[in-house]
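A short worksheet on the structure shown next.
The values are calculated or read from the model by the stated rules, or taken from the named source; none is laboratory data. Owing to the predicted nature of the structure, the values given are computational and were not obtained by experimental measurement. All Cβ positions, glycine included, derive from the backbone under ideal geometry; neighbour counts span all protein chains shown.
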Amino acid sequence: MSSEPEIRFGYSPCPNDTFMFHALAAEKVRVPGLRITPCLMDIEELNRRALGEDPLEMSKLSLGAFAELGQRYRLLDAGAALGHGVGPLLVCSGERPELGSMADLSGAKIAIPGRLTTANLLMRRYGPDSWQPVELRFDRIMPAIAAGEVDAGVVIHEGRFTYAAEGLRLLADLGELWEAEKGMPLALGVIVARLDLGDELIELLEAALRDSVLAARKTPSASRDYVREHAQELDERVCRQHIELYVNDRSESLGREGREAIEEMLRPGDPRG
């Protein structure tokens with residue numbers, strides 16, 4: 001067993017994360033003197049872990065979770081999921097013609113992929129005045145809609161590309177609503193590091209994250225097997241669409257626009273899950 005200090009790095013098994021962080025997982029990018037251990041979990045599991053008694057040293061988080069963290073974590077400049085046209089989608093069964101818009105969902109049961117997710121934050125901002133949230137793991141939401149267990153649901157990750165094939169219909173693109181209101185990109189998830197690691201180590205981890213993203217974008221084929229191993233949707237076309245949508249220049253560095261978008265999402269007074 002290695003005697004090197006361990007940094008546990010939490011991220012999701014979704015194609016954009018496994019693509020960006022493959023070089024770290026495969027130790028093609030390293031921080032000398034450290035052992036970085038991947039911890040792959042559903043995004044809501046990561047959110048809850050960060051708020052618990054044994055938070056990971058470095059983790060991906062939804063904006064809803066990051067808003068509740070106080071002084072525990074520092075935002076890192078690389079590895080984020082942020083951009084235009086990337087938002088969660090509110091969908092319903094194609095066999096529910098009476099549901100024409102969100103206004104028809106007053107009092108309805110709506111599945112969300114977790115209380116702390118950005119999807120829930122957006123749904124609370126733009127949804128009907130009254131609705132009943134039903135928390136489900138993201139990959140259970142479309143089956144629950146199809147089975148009539150809920151009236152509608154907010155789909156994320158690969159669901160953006162596959163909902164129509166499951167017989168579902170789009171009611172609203174929550175990201176488009178955000179962009180229309182704010183005129184800025186949508187921040188879905190960010191990478192953070194525990195403040196108690198200290199500035200010097202955090203900066204080394206941030207540089208390693210950026211190097212991993214750069215390596216992935218330079219040689220996309222290198223991570224193909226790793227991405228497919230963990231993807232919920234194994235269709236290679238869907239994996240490629242997912243990566244192309246969620247991995248962009250803001251994944252390498254948030255930049256001023258990216259940081260402003262995050263600050264706006266976290267502004268006090270906005271509804272949060």
**Q.** Single match in Ala108, Ala144 (criterion: touching a Phe, Trp or Tyr at 6+ places or on another chain (Cβ under 9 Å) and assigned by TED's automatic domain parsing to the domain that holds Glu166)
**A.** Ala108
Q: Residues being touching a helix residue (DSSP H, G or I) at 6+ places or on another chain (Cβ under 8 Å) and farther than 20 Å from Gly114 by Cβ: count how many of those fall in the range 35-50.
A: 2
Q. What are the residues in the range 10-34 that are farther than 19 Å from Gly114 by Cβ and either in the same structural domain as Val154 (by TED's automatic domain parsing) or part of a helix (DSSP H, G or I) (or both), if any?
A. Pro15, Thr18, Phe19, Met20, Phe21, His22, Ala23, Leu24, Ala25
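In the list Leu177, Leu204, which residue meets the criterion of being in contact with a helix residue (DSSP H, G or I) (Cβ under 8 Å, 6 or more places away or on another chain), outside any loop (DSSP other than H, G, I, E, B), surrounded by fewer than 19 Cβ atoms within 10 Å (Cβ to Cβ) and at pLDDT 95 or above?
None of the other options fit; the residue is Leu177.
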Q: Return only the number of the condition from (1) buried (at least 18 other Cβ atoms within 10 Å of the Cβ); (2) within 19 Å of Leu76 (Cβ to Cβ); (3) among the hydrophobic types (A, V, I, L, M, F, W, C); (4) at pLDDT below 95 that Ile243 does not satisfy.
A: (2)
Q.
Go through (1) of a type outside the set (Lys, Arg); (2) within 16 Å of Leu188 (Cβ to Cβ); (3) at pLDDT below 95 for Ala78 and report which single condition fails.
A. (3)
Q | Residue ranges of strands (runs of 3 or more DSSP E) in the range 60-108 with at least 1 members within 20 Å of Glu158 (Cβ to Cβ) | A | 81-83, 89-93
**Q.** Tally of residues being more than 19 Å from Ile202 (Cβ to Cβ) and either touching a strand residue (DSSP E or B) at 6+ places or on another chain (Cβ under 8 Å) or at pLDDT 95 or above (or both) across the range 28-47
**A.** 7
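Across the range 122-174, what is the total count of residues that are acidic (Asp, Glu), part of a loop (DSSP other than H, G, I, E, B) and modelled with pLDDT of 95 or more?
2
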